[in-house]
Amino acid sequence: TIGKSVEDLAPYGATKHATSFTPGPWNAVHQDRAIHALPMDSGPMAFFYNKKVFDKHGIKVPTTWDEYVQAARTLHKADPKIFITNDTGDAGATTSLIWQAGGHPYKTDGTAVKIDFTDEGTQKYTATWQ
């Protein structure tokens, strides 16, 4: 296991930094009470939009995923050549959105990895993006 191959940094004060990081990056560097590293970065996500296009079609900037879906439908109905987003094939975006929805499709037990896309958060993600 990882605990036998790297030094636990908790005795050196690493735990005092827990509140300096969001849960995702922090959870990636510890196992139980042992801290094996400090997070190097996290991938914050942002929504960029074309204000001219939104204004032209009377679309308000969405603040929830339901509003986002409705804005996408309204935009595409107004001009079938326009889409609110595109799929760049970035798997990191997919997993980030699944996690944001509360999904946990990957689980580990020692060295065994279980993948299950049927949890509630993952289903919420797929229903929204379908």
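The values are calculated or read from the model by the stated rules, or taken from the named source; none is laboratory data. The model shown is predicted, which means the values in this text are computed figures rather than measured ones. Neighbour counts are summed over all protein chains in view; Cβ atoms, including those assigned to glycine, are modelled from backbone coordinates with ideal geometry. To get the accessible areas, we keep the full protein, side chains included, count just its heavy atoms, and leave off ligands, DNA and RNA. Shrake-Rupley method; radii C 1.70, N 1.55, O 1.52, S 1.80 Å.
Restricting the stretch 18-59 to residues that are in a helix (DSSP H, G or I) and open to solvent by 60 Å² or more (accessible area, probe 1.4 Å), the residue that is nearest to Gln100 (Cα to Cα) is Pro23.
Beta carbons closer than 9 Å, at least 6 apart along the sequence or on distinct chains, pair a first residue in the stretch 83-111 that is over 30 Å from Val53 (Cβ atoms) and assigned to a loop (DSSP other than H, G, I, E, B) with a second that is aliphatic (A, V, I, L, M) and open to solvent by 40 Å² or more (accessible area, probe 1.4 Å) for Pro105/Ile115. Pro11 meets the stated requirement of being over 19 Å from the mean Cα position of the chain (by Cα) and either within 22 Å of Thr95 (Cβ to Cβ) or in a helix (DSSP H, G or I) (or both). Arg73 falls short on exactly one of the conditions (1) out of contact with any strand residue (DSSP E or B) (no Cβ under 8 Å at 6 or more places or on another chain); (2) over 23 Å from Gln123 (Cα atoms); (3) free of Cβ contacts under 8 Å to residues at least 60 places away in the same chain, and that condition is (2).
Taking the stated definitions as given, is Ala112 farther than 23 Å from Phe21 by Cα and modelled with pLDDT of 95 or more?
Numbers: farther than 23 Å from Phe21 by Cα: yes; modelled with pLDDT of 95 or more: no.
Judged against the criteria, Ala112 is not a match.
Checked against (1) without any contact (Cβ under 8 Å) to a residue 12 or more places away in the chain; (2) more than 25 Å from Tyr125 (Cβ to Cβ); (3) charged (D, E, K, R), Arg33 passes all but condition (1). Output the residues belonging to the stretch 80-130 that are in contact with a Phe, Trp or Tyr (Cβ under 9 Å, 6 or more places away or on another chain), surrounded by 14 or more Cβ atoms within 10 Å (Cβ to Cβ) and of a type in the set (D, E, K, R). Scanning the stretch 80-130 gives a single hit, Lys124.
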